[in-house]
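S.K.: Just dropping this structure here.
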Amino acid sequence: MAKFITGNELIEEVYDIIYKAKKQLLIVSPYIKLDGYFKNIFDKHKKDPELHLIIAFGKNPGNPQKSLKKEDLNYFKDFPNASIIYVPNLHAKYYANESRGVITSINLYDYSFENNVEFGVISETKIIGGTAIDKEAWDSTIQILKENYSVFIRRPRFKKKMILGKNYMGSEDLLDFTDALLRGELPEKVSVFNFDSEIYINSENETERISRDEFLKAHPKEEVVNDKKIHDLQSIKCLSATNLGKIKDKSFDDVIDVMVAKNYIYDKQTISPEGEKVGIKYNESKNGNKWIVYPEFLSEIL
């Protein structure tokens, strides 16, 4: 069933599409600005590698931060399974999950939700009682995204279980052109559909025992970081991201971006196994608050 909606009904539908997504969440909006409430409903998905978040924004090719500020762009880059696409001539607005979508005039912008008069058409994709409108809108949107500029791709890494299911092993950034885009430079055109939806790190089960030499090569007794041998990581001075950045005049976000790119952390709150090997660890206050601290020598990679 397709239905015309406006006012508070439209606003609540968009909120629900975001909040109730299970497998796919598609956001198409030329302008995106997130206030605290938007982040509150998106946060539900921030640790879910099974949900593919697709963000498409556009306009302002000389200065894309007028359409999507770096702060909000970095917020979306923290999701474990995310695709961000830039469409220079985008004017359409469309919000959809795997079962419901709305074609509308409203941008994902706090001012629009609070002040503007906006219209929309809501439709459902169901085997019984649904319409083809949502499928047509979805397919047309996917074709547009396919032909435009992927600027960030992150995919979840899974290890298959021996019998059924899979274990999430963190996420991997497969493409990141966001710095160039924010400088006003259009990157090379790469389709989002050139990338698999998931990465499996054990696509073939081992059939032979590995040798001791092979094991030791894969698991060295001491790690070398920037040609420094680390024998006792516990004795090394560790700093917060803010204080580590001050050594090289870098911001908190700059430090987080580098550490994620190096696969030392998955996000600003989660250390990867690779990060633990180089001495990144958690500090905890007496009242239970936790934060990540970094060995001082990692300032050399900033």
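S.K.: Taking amide H positions as placed 1.01 Å from N in the peptide plane, with prolines and chain starts having none, which residues 5 or more places from Leu174, or on another chain, fall under 5 Å of its amide H?
M.R.: Ile153, Arg154, Arg155
S.K.: A further question follows. Could you point to the residue in Val260, Leu51, Ala241 farthest towards the positive end of the chain's charge dipole, with +1 and -1 charges on the Cβ of Lys/Arg and Asp/Glu respectively?
M.R.: Ala241
S.K.: Another question, if that's okay. Could you please put Tyr109, Tyr86 in sequence from largest to smallest accessible area, using a 1.4 Å probe?
M.R.: Order by accessible area, largest first: Tyr109, Tyr86.
S.K.: Skip the ligands, DNA and RNA, and give the accessible area per residue of the chain with a 1.4 Å probe, whole Å².
M.R.: Solvent-accessible surface per residue comes out at 56 Å².
S.K.: If you don't mind, another one. Search the structure for amide H atoms under 5 Å from the amide H of Tyr294, placed 1.01 Å from N in the peptide plane, and list their residues when 5 or more places away or on another chain.
M.R.: Leu239, Ser240
S.K.: Starting with the highest mean, order 135-141, 250-256 by the number of other Cβ atoms within 10 Å, averaged over the residues of each peptide.
M.R.: My ranking of the peptides, most packed first, is 250-256, 135-141.
S.K.: I need to check one value: relative contact order of the chain, counting alpha carbon pairs closer than 8 Å and at least 6 residues apart, in percent.
M.R.: 15 percent.
S.K.: Another one. Efficiency by 1/(1 + (r/R0)^6): what FRET value for Ala180 and Glu114, r their Cβ-Cβ distance, R0 = 30 Å, to the nearest 0.05?
M.R.: 0.35
S.K.: So how tilted is helix 133-146 from the main axis of the chain? Cα-based, degrees 0 to 90, rounded to 10.
M.R.: 50 degrees
S.K.: Through the Karplus equation 6.51 cos²θ - 1.76 cosθ + 1.60, θ set to phi - 60°, convert the phi angles of region 73-88 into ³J(HN,Hα) values in whole Hz; use x for Gly and Pro.
M.R.: 4, 5, 4, 5, 5, 6, 6, x, 9, 9, 10, 10, 10, 9, 10, x
S.K.: Also: Return, for the Cα atoms of region 65-120, the radius of gyration and Dmax in Å, separated by a comma.
M.R.: Calculated on Cα positions, Rg and Dmax stand at 12.9, 34 Å.
S.K.: At 0.36 nm per residue, minus the direct Cα-Cα distance, what do Asp253 and Lys46 gain on full extension? Give it in nm, one decimal, please.
M.R.: Result for the pair: 72.8 nm of gain on full extension.
S.K.: Using alpha carbons only, how many degrees (0 to 90, rounded to 10) separate the axis of helix 252-261 from the longest principal axis of the chain?
M.R.: 80 degrees
S.K.: Next question, about the same structure. Relative to the present Cα-Cα distance, how much length would full extension add between Asn289 and Asn74 at 0.36 nm per residue of separation?
M.R.: So the extension gain works out to 75.1 nm.
S.K.: Here's something else I'd like to know. Any number yet on Rg/Rh for the chain, C-alpha, Kirkwood?
M.R.: 1.02
S.K.: Of the DSSP beta bridges with both residues in the chain, give the percent that are antiparallel, rounding to the nearest 5.
M.R.: Beta bridges within the chain, antiparallel portion: roughly 75 percent.
S.K.: While we're looking at this one, here's another question. Order the following by accessible area, largest value first: His45, His91. Probe radius 1.4 Å; ligands, DNA and RNA are ignored.
M.R.: His91, His45
S.K.: Still on this structure: Carbon and sulfur: what percent of the chain's accessible surface (1.4 Å probe)?
M.R.: In the chain, the share of accessible area belonging to carbon and sulfur is 49 percent.
The values are calculated or read from the model by the stated rules, or taken from the named source; none is laboratory data. Source: prediction; values computed, not measured. Backbone-built Cβ (ideal geometry, glycine too); neighbour counts: all protein chains shown. Just so you know, the surface numbers come from the protein's heavy atoms only, side chains and all, with ligands and any DNA or RNA stripped out. Shrake-Rupley method; radii C 1.70, N 1.55, O 1.52, S 1.80 Å.
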